[in-house]
Structure formats: C-alpha cells, structure tokens
1. Being over 19 Å from Arg121 (Cα atoms) and either surrounded by fewer than 21 Cβ atoms within 10 Å (Cβ to Cβ) or assigned by the TED database to the domain that holds Asp95 (or both) is true for just one of Ala163, Ala208, Ala181, Ala168. Which residue is that?
2. If you take the residues in region 1-24 that are in a strand (DSSP E or B) and buried (at least 23 other Cβ atoms within 10 Å of the Cβ), which one is farthest from the ligand (Cβ to nearest atom)?
3. Go through (1) in contact with a strand residue (DSSP E or B) (Cβ under 7 Å, 6 or more places away or on another chain); (2) free of Cβ contacts under 8 Å to residues at least 60 places away in the same chain for Ala168 and report which single condition fails.
4. Tell me whether region 27-40 contains one or more residues that are away from the ligand (no atom under 16 Å from the Cβ), within 20 Å of the chain's Cα centre (by Cα), surrounded by fewer than 14 Cβ atoms within 10 Å (Cβ to Cβ) and assigned by the TED database to the domain that holds Asp129.
5. Considering (1) crowded, with 19+ Cβ neighbours inside 10 Å; (2) within 16 Å of the ligand (Cβ to nearest atom), say which one Val83 fails and leave the rest.
6. Go through region 184-196 and report how many residues are on the phi < 0 side of the Ramachandran plot and surrounded by fewer than 17 Cβ atoms within 10 Å (Cβ to Cβ).
Amino acid sequence: MNTPAIRATGLRKTFRAGDGSTVVAVDDVDLTIAAGEIVAFLGPNGAGKTTTVDMLLGLTRPDAGTVEVYGVEPGAAVRAGRVSAVMQTGGLLPDFTVEETVRAIAATHGRSDRVAAVIERAALSEIADRRVQACSGGEQQRLKFALALVPDPDLVILDEPTAGMDVATRQHFWDTMRADAAQGRTIVFATHYLAEADEFAERTVLIARGRIVADGPTADVRASFGGRTVSFRPPDDVVRPDGLDPAWLARVEQALTPLGVTGVEVSSASLEAAFLALTGDASLADPAPTTPELTGATR
Ligand SMILES: Nc1ncnc2c1ncn2[C@@H]1O[C@H](COP(=O)(O)OP(=O)(O)OP(=O)(O)O)[C@@H](O)[C@H]1O
C-alpha cells in the first residue's frame, strides 16, 4: 500500500489555561489521510483544529501519540518540501511587495525557478508590485497560499484558507485547489464554513471538543446524521409578506398533492444538520431563508 500522506495515532494535547486549569485541546485523535485526498477538518471555534494542524506540521509536540507525514516525522517532511501550510497567523513583511515576498521565500527554498509559476497560480500577477501593507486581507491570504506552493509540496495544509476572501476570490481559490488535487496534491483544510466542506471536500472529519465525532465521505457525513429533508415551493397565492397562509399550512399537513404543490424535491439533509446534531453547536447555523419554503425532516 502507498504510504499515507498523514498518519496520526492517539494524538493528545493539553494546555494550561490562565486560571491554572487544564484544557484538553486534542483528545485521542486518530487520522490517516491518503495521498491525493481533499479533506475538510471541520469544527466550531475552539474544537482543536489549529492545535491538530500544528501537530501535523511539527510546530507543536503532542503530549501523547505519533504523527508521520509521508512516513517520516513532520519536521523532516517540511524540510524536504513535501508539506507546506497556510496558517491563520504568521507574519508577512509589510514593506515588501508581493513579488519580493515570493522571491525571498523562494530563495530560502532554493526554488527561485518557482516564482513566476506560483504568482500565476495564486492569481497575484496583477498585484505583484503592490506592497503587502496595501493588500487586502484576502489578497494577503492568497499571498500566503502562493508561499505555501513555492516548494511544490505533495501535501498542503490550510488553516481557514479563505478567511477574508470575497465570494469570487474564494471560488477561484477552490478551483485552483481542485485542479491541484486532480494532479495528485493532497489537501487538508481546517474550516468552520460548513458550505466549504460540503462543496470542496470529498471527505469531512468533524471535530468537536478535541475529538473526532464523524469521519467519512462528506455526503455520508451529511446523510448519516441529518435524516432526510423534503422541501417544496408553495403556490404563490398563499405566500404573504409575513409567511405562509396558516390555513393553507393546516391543509398541507392533511394532504400534499391535491393542493397544487409543485417542484417537490427530496434531498439529503445539510451538512449543517449533521454538524449541529454531532457537536450541539448552534453558532454555525445559516440565517433563516428569506424565500418561504416548507421543509420537513424525517428519520
Ligand atoms: N497556547 C494555548 N494555551 C492555552 N490554551 C490553548 C492554547 N492553544 C489552544 N488552546 C485551547 O485549546 C482549545 C483548542 O484550540 P484550537 O485553536 O486548536 O481550536 P480551533 O478549532 O482551531 O478553533 P478556531 O476555529 O477558533 O481557530 C481551545 O479551548 C483553546 O482555547
């Protein structure tokens, strides 16, 4: 069998909180990621995503457990240019231009040949001469992404990669990621955007309070916990500014089809429903839809 990109077993990390108590940030995490997978590491704030990513990259030493990246310890994999990361924090030099930043990092890797390619890949050509301090949050994020691509790594680990990006930039970012994955790059990204996991990851690892609570194909994670949702659009004449006609609703409960309901759709429950069921975290719920729609969940 091919060596997995990541093999982590029994990972555990605790921190001492300000009040002297112990916080278990990561609690007995086992994770194996095969080469070429796109994996979302999904969890609410404080779930343990960053701490896990730090351990996968060798930035933090686990209290217990082991991590191998392509069969070697993470630091060695990083030094060999096989893995790189886009982290939430981490400095860019404000007075450098975008291109100077890429050149400086490329030089440290001995990969000055990669400068033009990564600038193009991260869609930075138009702002190559812009100083970092004048770049927007999303542009800085793209620059970090470019820096991560400099060593042409087999594995890219991204911690909240699209934070600060607008919709179009985010879309372009993921198109690039997908193209890279199609060529065999392994991509692991931490996110608390459910939609991003749903749309871009083949596999979702759901983490809550330091523990993995679900791990599988994203569609399965979505389907296995949320039951089924039936949604349909009501006829126009029962839609009111403040909602749906309650008398009509009562009749709908008695019988659906004779009431002129069209466009009935049966779809899997959202990943969000799975997330809420598994983590009990309501902070990630989408706002209520503005278009009146009826939905009913069944088990
Ligand atoms: N250096 C530290 N000292 C003390 N506690 C820490 C430290 N780093 C992390 N923690 C705690 O460990 C837990 C997990 O944090 P972590 O940053 O890994 O979560 P996360 O899932 O990445 O969250 P977010 O989405 O907010 O980035 C949290 O309770 C956090 O407060």
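1. Details: Ala163 fails: over 19 Å from Arg121 (Cα atoms); Ala181 fails: over 19 Å from Arg121 (Cα atoms); Ala168 fails: over 19 Å from Arg121 (Cα atoms).
From the options Ala163, Ala208, Ala181, Ala168, the qualifying one is Ala208.
2. Step one: filter region 1-24 for residues in a strand (DSSP E or B), giving 6-16, 22-24.
Checking which are buried (at least 23 other Cβ atoms within 10 Å of the Cβ) leaves us with 6, 11.
Numbers: Ile6: 17, Leu11: 12 Å.
Restricting to residues being in a strand (DSSP E or B) and buried (at least 23 other Cβ atoms within 10 Å of the Cβ), the top hit is Ile6.
3. For Ala168, the exception is condition (1).
4. Quick first cut of region 27-40, residues away from the ligand (no atom under 16 Å from the Cβ) only: 30, 32-38.
Filter again for within 20 Å of the chain's Cα centre (by Cα), leaving 30, 32-38.
With the extra rule that they be surrounded by fewer than 14 Cβ atoms within 10 Å (Cβ to Cβ), the set shrinks to 30, 32.
With assigned by the TED database to the domain that holds Asp129 added as a condition, the list becomes 30, 32.
Yes.
5. Here Val83 clears every test but (2).
6. Total meeting the criteria: 1.
Quick grid of which residues meet (1) of a type outside the set (D, E, K, R); (2) within 25 Å of Trp174 (Cα to Cα); (3) not in a loop (DSSP other than H, G, I, E, B):
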{"position": "Asp30", "(1), (2), (3)": "no, no, yes"}
{"position": "Ala35", "(1), (2), (3)": "yes, yes, no"}
{"position": "Phe41", "(1), (2), (3)": "yes, yes, yes"}
{"position": "Ala77", "(1), (2), (3)": "yes, yes, yes"}
{"position": "Leu93", "(1), (2), (3)": "yes, no, no"}
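Results for (1) farther than 26 Å from Val132 by Cα; (2) assigned to a loop (DSSP other than H, G, I, E, B); (3) at pLDDT 90 or above, shown as yes or no for each residue.
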position	(1), (2), (3)
Pro151	no, yes, no
Val156	no, no, yes
Ala163	no, yes, no
Arg170	no, no, no
Phe173	no, no, no
Met177	no, no, no
Asp180	no, no, no
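The values are calculated or read from the model by the stated rules, or taken from the named source; none is laboratory data. Everything numeric in this text was worked out from a predicted model, so none of it was measured. Cβ coordinates were reconstructed from backbone atoms using ideal geometry, including for glycine residues, and neighbour counts include every protein chain displayed.
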